[in-house]
Amino acid sequence: MIKRIGVLTSGGDAPGMNAAIRSVARYGVHHKLEVIGIFRGYAGLINEDLRPLDHRSVSGIINRGGTILETARCDEFLAEEGQRKAVETLKRNKIDALVVIGGDGTYRGAIQLWERWHIPCVGVPATIDNDLNGTDIAIGADTAINTALEATDKIRDTATSMERIFVVEVMGRDSGFIAIHVALAGGAEEVLVPELSYDLEEMCHDIVEGNRKGKISWIIIVAEGAAKAEKVAEKITEMTGLETRVVVLGHIQRGGNPTARDRILAARLGAAAVDLILNDEFGKAVGVQDGEINAVDLHLAVEEKETVVEPFYRLIRILT
Ligand code: ATP
């Protein structure tokens, strides 16, 4: 019989994590569960950094970026000794089940807790990279795209006025998800993503050709995992002789108020995670596929996800 649940956020923060915490806490309380907030992810489990969450303690956070529970990357938890300490904390505090909110690393931690230590765990996907399986979109990805898009729109204003080429670097070490969506939505001329090979010489040739026909500005979106914006800009200047500026958007993409879409997703997935626990379904992650809430095995959720980039890329090239 589950009476008390814990909730933590771990790994990279993502806008909408707070809305997910609020949903887990309030939906849990509604179902007569005690809810305990765990601070700084798995580090908070190891260090016993806990605080009960009631209805009031999650007031006024649905619209806030970041996470009130804070987040951390915790190497100590990778080792058996760290996990043992975490489990002892859970047992000592009579926490019967755990909701983890985060990305694939966070899920791997939950797999350990469930399979090795028999702690009932469920996952809620929150990562701006959107690289988890079992959900069409993770909490935070929509806000990150919109933040990067807003910045790109502003850059376009100056690019057009000053007749310049801008290389804009967005987040995505292994995934072109943010880059391809920002490029399509922002009307970028070119986009470089880790999933697709590219030819900088051909791109420069296109720029020279366009310039000859009177095209005055370019926006090139680069996912950080595809190339370094600085290097791309150097190459363009070297090959075309045209002034090229670099903007690395960096951490602004993690912050800011979550979009309506992220808040709604977080509200639905937080509640769905509590439902899984109430139904004794553990070792799973909630998600949304084709608009429907579902749950998949945590192992499946962390398998490599294929980001759909090719059809988007083709369209970007046609519409340029
Ligand atoms: P993001 O996708 O935003 O980077 P994430 O959840 O993937 O988020 P990670 O830093 O990869 O972030 O993982 C978060 C934490 O999960 C790690 O610091 C570690 O404590 C735990 N973790 C990751 N991998 C494992 C693993 N294989 N076993 C146990 N714990 C793990």
Checklist outcome for this item: Karplus ³J(HN,Hα) for region 116-129 (6.51 cos²θ - 1.76 cosθ + 1.60, θ = phi - 60°; Hz, whole; x = Gly/Pro) runs 8, 10, 6, 8, x, 10, 9, x, 10, x, 9, 7, 5, 6
Next on the checklist: Give me a comma-separated list of calculated 3J(HN,Hα) values for region 140-153, in order, Karplus coefficients 6.51, -1.76, 1.60 applied at θ = phi - 60°, integers in Hz, x for any Gly or Pro.
Outcome noted: x, 5, 5, 5, 4, 4, 5, 5, 5, 5, 4, 5, 5, 4
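For region 142-255, what is the relative contact order in percent, using Cα pairs closer than 8 Å and at least 6 residues apart in sequence?
40
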Item to check | Residue (of TRP114, ALA141, ASN130) at the positive-pole extreme of region 109-153, dipole from beta-carbon charges | outcome: TRP114
Checklist entry - How many percent of the accessible area of the chain is carbon or sulfur, using a 1.4 Å probe? => result 48
Item to check | Separation between Cα centres of region 143-203 and region 44-89, rounded to whole Å | outcome: 35
Next on the checklist: Using Cα-Cα distances under 8 Å and only pairs 6 or more residues apart, what relative contact order does region 11-141 have, in percent?
Outcome noted: 28
Checklist entry - To the nearest 20 debye, what is the magnitude of the charge dipole of the chain about its Cα centre, counting +1 on the Cβ of each Lys and Arg and -1 on the Cβ of each Asp and Glu? => result 1340
Next on the checklist: Give the average over all directions of the projected area of the C-alpha convex hull of the chain, one decimal, in nm².
Outcome noted: 16.4
Next on the checklist: Could you derive backbone 3J(HN,Hα) for region 157-165 from the dihedral phi with the Karplus parameters 6.51, -1.76 and 1.60 (θ = phi - 60°), listing whole Hz in sequence and x where the residue is Gly or Pro?
Outcome noted: 4, 6, 4, 5, 5, 9, 6, 10, 9
Checklist entry - Heavy-atom accessible area per residue, region 142-255, 1.4 Å probe: how many Å²? => result 46
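Among the trypsin sites (Lys or Arg not before Pro) in region 1-67, which ones are in a DSSP loop with at most 10 other Cβ atoms within 10 Å of the Cβ? Mind listing them?
LYS32
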Item to check | 10 Å Cβ shell holding at most 10 others, DSSP loop, GluC sites (Glu not before Pro): longest site-free stretch of the chain | outcome: 1-303
Checklist outcome for this item: Expressed as a whole-number percentage, the relative contact order of the chain with C-alpha contacts under 8 angstrom and at least six residues apart is 24
Next on the checklist: Apply the a/c threshold of 1.5 to the C-alpha gyration tensor of region 1-130 and tell me whether it is rounded, prolate or oblate.
Outcome noted: oblate
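Just in region 84-182: which trypsin sites (Lys or Arg not before Pro) are loop by DSSP and have at most 12 other Cβ atoms within 10 Å?
Details: sites: ARG84, LYS85, LYS91, ARG92, LYS94, ARG108, ARG116, LYS154, ARG156, ARG164, ARG173; in loops: LYS94, ARG116, ARG164, ARG173.
Those satisfying the criteria are LYS94, ARG116, ARG173.
The values are calculated or read from the model by the stated rules, or taken from the named source; none is laboratory data. Since this is a predicted model, take the numbers as computed values, not measurements. Using ideal geometry, Cβ is built from the backbone for each residue, glycine included, and neighbour counts are taken over all protein chains shown. Protein only, heavy atoms only, side chains kept; ligands, DNA and RNA dropped before computing areas. Shrake-Rupley method; radii C 1.70, N 1.55, O 1.52, S 1.80 Å.
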